[in-house]
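In what follows, a structure is listed as structure tokens, so that the remarks can point back to it.
The values are calculated or read from the model by the stated rules, or taken from the named source; none is laboratory data. Note that the structure is predicted; figures quoted are calculated from it, not measured. Methodologically, a virtual Cβ is constructed for each residue, glycine included, from the backbone with ideal geometry; neighbour enumeration extends over all protein chains shown. Keep in mind that these areas ignore ligands, DNA and RNA; they rest on the heavy atoms of the full protein, side chains included. Shrake-Rupley method; radii C 1.70, N 1.55, O 1.52, S 1.80 Å.
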Amino acid sequence: MSIIMDGVALRNRILEELRKRVEKMSVQPKLVAILVGDDAASKIYVNNKEKYAAIAGIKTEIIRMPADTDTKTIIAKIHKLNADEYVTAVLIQLPLPAHIDTHAVLNAVDVSKDVDGFTDANIGKMYGAGRDFIVPCTPRGILALLDEYKIDVAGKSAVVIGRSNIVGKPMAQLLMMRNATVTICHSRTPNIADFTRNADIVVAATGKITITGDMLKPGAVFIDVGMQRDGNGKLRGDGDFASCNAVAGYITPTPGGTGPMTIAGLMMNTIDLASQVHNISDPEK
Ligand code: GUN
């Protein structure tokens, strides 16, 4: 049986600490989320962000736009938010409808309000200078969870499954910056188990592939970012929890692991932007 990494408890503690920080700030942080269309999961995510922002003392506004909104209209709205001094953070809920130019929309956000860290300018700092950048919310939450359980990744072998801009790619970069040896697997990788069986840390973010206990090295840290529904419609991660829990040393549950930590990451980023402190990931750490 592994140690279950409790994302709910850590999120709650982080929100409480953030609220104390906000109380001392001269301007209350304000997070604006843009939600385009009717994606059911996105609606739930945005409502959750609003709920937990309130606990951290952060103001929120959700701008809902119909599914047939064009790219130009969304960008014009973002420019207004960029110019609004009371708005300290802007989030574009992804995915956007297929006809929208997602890259153009994400890059319309002023880098000083880029709470997800999805602008090219922020990404460039993450891969280039390696400082003064916003760590995307899910990876930031995962790093906080690793720190909470005193898991040092330096010198360890890490496998990240998934190559999205939201999780896989930044997670791999951040683990490498913490001196892990990182392999990225994805949908075209044959025999993923050949990689995961040798890994000290596995981060799964596919929503498709199922990781079973026999694919893990005994004692490994298994971080599950996937969202899947089992045969009964119940939410589960990419991991088959029972078999992974029997083999891993540490494991995140779904729900209750990386989901709440993504919220914590978002709120930490919101407050860092409002206080003009970009979180810095130290390559020497
Ligand atoms: N959709 C799924 N995850 C995320 C995230 O972290 N940020 C945004 N903006 N959209 C998402």
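Where Rh is the Kirkwood radius over the Cα pairs of segment 186-285, the temperature 37 °C and the viscosity 0.692 mPa s, what D in µm²/s does Stokes-Einstein return?
So the translational diffusion coefficient is about 219 µm²/s.
Return one whole number: the accessible area per residue of the chain in Å², for a 1.4 Å probe.
Each residue of the chain exposes 46 Å² on average to a 1.4 Å probe.
Could you check the spin-label model distance between residue 38 and residue 101? Points 7 Å from the Cα along Cα→Cβ, value in nm.
A separation of 2.8 nm, rounded to one decimal place.
Considering only protein heavy atoms and a probe of 1.4 Å, how much of the accessible area of segment 135-192 is carbon and sulfur, as a whole percent?
Values: 1160 of 2400 Å².
So the carbon and sulfur contribution to the accessible surface is 48 percent.
Only bridges whose two residues both fall in segment 1-156 count here: according to DSSP, what percent of them are antiparallel, nearest 5?
Percentage antiparallel, nearest 5: 0.
With 14 Å as the cut-off, how large is the P(r) tail for segment 123-203, expressed as percent of Cα-Cα pairs? Don't skip to the answer; put the middle values down first.
Working: 2010 of 3240 pairs.
Cα-Cα pairs in segment 123-203 separated by more than 14 Å: 62 percent.
Would segment 44-105 count as rounded, prolate or oblate if I go by the C-alpha gyration tensor, calling it rounded below 1.5 in a/c and otherwise prolate when a/b exceeds b/c, oblate otherwise?
In terms of gyration-tensor shape, oblate.
Which three extents, in angstrom, do the Cα atoms of segment 4-85 have along their principal axes, listed largest first?
Principal-axis extents of the Cα atoms in segment 4-85, largest first: 40, 36, 15 Å.
Using the per-residue mean of other Cβ atoms lying within 10 Å as a proxy for protection, in what order, highest first, do the peptides 225-234, 138-147, 28-37 fall?
Top to bottom by mean Cβ count within 10 Å: 138-147, 28-37, 225-234.
Under 20 °C and 1.002 mPa s, how fast does segment 208-263 diffuse according to Stokes-Einstein, given a Kirkwood radius computed over C-alpha pairs? Answer in µm²/s, whole number.
Diffusion coefficient, whole number: 190 µm²/s.
Considering the Cα positions of the chain, please state its Rg to one decimal place and its Dmax as a whole number of Å.
18.5, 54
Work from the charge dipole of segment 105-190 (Cβ charges, +1 for Lys and Arg, -1 for Asp and Glu, about the Cα centre) and give the residue of 143, 170, 181 farthest towards its positive end.
The residue sitting farthest along the positive end of the dipole is 181.
What distance in nm lies between label points placed 7 Å from Cα along the C-beta direction at residue 165 and residue 55?
About 3.0 nm, to one decimal.
Given the DSSP H assignment, sum -39500 (n - 2.57) over each helix run of at least 4 residues in the chain and divide by its residue total; what's the result at 222 nm in deg cm²/dmol, nearest 500?
On the way: 10 runs with 112 residues, N = 285.
When only DSSP H runs of four or more count, the value is -12000 deg cm²/dmol.
So, with +1 on the Cβ of K and R and -1 on the Cβ of D and E, and no other charges, what is the size of the charge dipole of segment 1-55 about its Cα centre, to the nearest 20 debye?
260
May I ask you to compute the full-extension gain from residue 214 to residue 188, defined as 0.36 nm times their residue separation minus their alpha-carbon distance, rounded to one decimal in nm?
7.3 nm
Relative contact order of the chain, please, whole-number percent, based on alpha carbon pairs below 8 angstrom and at least 6 residues apart.
23
What FRET efficiency do you get for residue 85 and residue 19 if R0 is 30 Å and r is their Cβ-Cβ distance, rounded to the nearest 0.05?
Calculated value: 0.85.
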